[in-house]
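Please read the structure below before turning to the comments.
The values are calculated or read from the model by the stated rules, or taken from the named source; none is laboratory data. Since the structure is predicted, the reported quantities are computational estimates derived from the model, not experimental observations. No Cβ is skipped: glycine too gets one built from the backbone with ideal geometry, and neighbour counts run over all protein chains shown. Keep in mind that these areas ignore ligands, DNA and RNA; they rest on the heavy atoms of the full protein, side chains included. Shrake-Rupley method; radii C 1.70, N 1.55, O 1.52, S 1.80 Å.
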Amino acid sequence: MAVPGVVKVMNVTRDVYGKKNTGVAVVANNYFTALQGRKKLNAQWDNAEFTKVSSESVRADMVKLLNEEGYEHVEKGSFSNAIMDGSGQIEALYELPYLSHTCMETMNVTVHVKTDGTCEVWAPSQSPQVQRAFAKELGIAEAEAEDKIKVHMPYLGGGFGRRSMNDSLIECLQIAKTIEQPVKLIWTREDDTTQGPFRQQTLHSLKAVFDSDSKPIGLQHKMVSQAITTQGRPSRNKLPFEVMEGINTHYDIDNISTRFVEYKGQIPIHWWRSVFGSTNGFAHEGFMDEVAIQANEDPLQFRIDRLQSEPRFVKVLERLKKETNWSQQLPENEGRGVAIVESFGSIVAHAVFLKKNNGKVSIPKVVTVVDCGTYINPNQVEAQIESSVVYGLTAALKDPITIKDGAAVQANFDKYRMLRINEAPRAMEVHIMENDENPGGMGEPGLPPIAPALTNAVYDLTSKRIRKLPFDLQKV
């Protein structure tokens, strides 16, 4: 309050999946002054409950859960019988970290609670429930919410799922009610990065069984993670609907088992672009490449041959084979990788090309074929694919969110880096399949296949198998 222009310092709370998080708001005549006032605070936080939580402790707890049976997703044939009948097997553990949404525009909102009991809100939000949440806080009947609460929806400044949670909006409402003036709340980048909620950390145990001719006869994928929809709730003893997105069980393998083991953790997670597709797709398609190599088959042709029961998949892959001249052998210092994932009603296949020159690895080209069913604007399809490629490469090649003493270590772009323009693919080709199928999603399906296509290309270039993200492309 000693800083000129600071008008109030107050407690605020926000609900994150049933847990009340308490903070301190500094209200001032302008943003700069509020920041100066905030620097004067000497808040003492009671973190005793969380000090033992770390990235290492979370991983250790997840590893123990790999021994559990978990919830059944798909059980085709008998994987246990395949193990007894098989002549050989391979197994692998794939790992992915917590990640921040890091929208370019941090969480912000403007709220005016008026003396006549009405409210006006400027909310860059993905959620249509703004009025419902505000009505509850203001004691307005839900039937009257539309008349008494006016919501302006500006451009998001990036969303990626984070803006479907209105926790920062409720913070601002509390402040605006208290000071009885219009209030614009802005989180700093550090607030935004460290508070989350984050994309989930996951572990994936994968096994494949082969017959005497090295052909796969069994596949098992067991995933351990938190679930978004069961946070803050008792276990429902059933498979959460969102957790198995992006795991392709269409492959023509006689015995397939896919299962989920739930980890109950204290770190909040939330919908992140392509949600579980981003984690499951990497593990599943990365391991399918391992299966193809073990079977002594070309990875792209392997997928075509074992997806014959799904003609849309086959057409996408055959188009990718044509557009990439896949049959043509690459020079010794180049590599390529492929992956295909169905998510949100659309099928996307990427081919990532790598080149090593004077010890430096670059991504000269990414070729994409997408079947999103009926579409209207091809430019929008291409833009979403290109955006997903850059977003997915950032997640694969840059920084994780790591937890130490119950808090996120990374706070700003110095330690949570973005892919730079000189690191991005030199060319991105997008080819759209023409058909009359039902329209699928497009904002998210381009992301899940990019990381496995990249790591499969690394293997093709260097014979090194990447099973843990993120990694440094210049150290392969």
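Odds and ends about this structure:
- Subset of the range 405-442 (residues that are of a type in the set (D, E, K, R) and either modelled with pLDDT of 95 or more or open to solvent by less than 30 Å² (accessible area, probe 1.4 Å) (or both)): 414, 415, 417, 420, 423, 426, 429, 434, 436, 437
- Within the range 307-348, the set of residues being crowded, with 16+ Cβ neighbours inside 10 Å, in contact (Cβ under 8 Å) with a residue 60 or more places away in the chain and assigned to a loop (DSSP other than H, G, I, E, B) comprises 310, 344.
- In the condition set (1) of a type in the set (A, V, I, L, M, F, W, C); (2) open to solvent by 50 Å² or more (accessible area, probe 1.4 Å); (3) closer than 22 Å to residue 471 by Cα, residue 397 is compliant with all but (2).
- Of all the numbered requirements in (1) assigned to a helix (DSSP H, G or I); (2) out of contact with any Pro (no Cβ under 9 Å at 6 or more places or on another chain); (3) surrounded by fewer than 24 Cβ atoms within 10 Å (Cβ to Cβ), residue 292 misses one, and that requirement is (2).
- Any hit, the range 8-22, residues being more than 20 Å from residue 231 (Cβ to Cβ) and open to solvent by less than 30 Å² (accessible area, probe 1.4 Å): yes
- Flag for residue 255 being more than 12 Å from residue 204 (Cβ to Cβ), open to solvent by 10 Å² or more (accessible area, probe 1.4 Å), in contact with a strand residue (DSSP E or B) (Cβ under 6 Å, 6 or more places away or on another chain) and polar (S, T, N, Q): yes
Residue-by-condition table, conditions (1) without any contact (Cβ under 8 Å) to a residue 40 or more places away in the chain; (2) hydrophobic (A, V, I, L, M, F, W, C):
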residue: 94; (1), (2): no, no
residue: 105; (1), (2): no, no
residue: 127; (1), (2): yes, no
residue: 141; (1), (2): yes, yes
residue: 146; (1), (2): yes, no
residue: 152; (1), (2): yes, no
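- Residue satisfying all of: in the range 126-175; outside any helix (DSSP H, G or I) and among the aliphatic types (A, V, I, L, M); surrounded by the fewest Cβ atoms within 10 Å (Cβ to Cβ) among these: 141
- Unique residue being within 30 Å of residue 405 (Cα to Cα) and open to solvent by less than 10 Å² (accessible area, probe 1.4 Å) when the list is 209, 224: 224
- Out of 282, 276, sole residue that is touching an Asp or Glu at 6+ places or on another chain (Cβ under 9 Å) and open to solvent by less than 10 Å² (accessible area, probe 1.4 Å): 276
- The set of residues in the range 220-270 being closer than 22 Å to residue 61 by Cβ and among the aliphatic types (A, V, I, L, M) consists of 223, 224, 227, 228, 239, 243, 244, 261, 267, 269.
- Among the residues making up the range 206-234, those that are assigned to a loop (DSSP other than H, G, I, E, B) and either within 18 Å of residue 284 (Cβ to Cβ) or within 23 Å of the chain's Cα centre (by Cα) (or both) are 226, 227, 228, 229, 230, 231, 232, 233.
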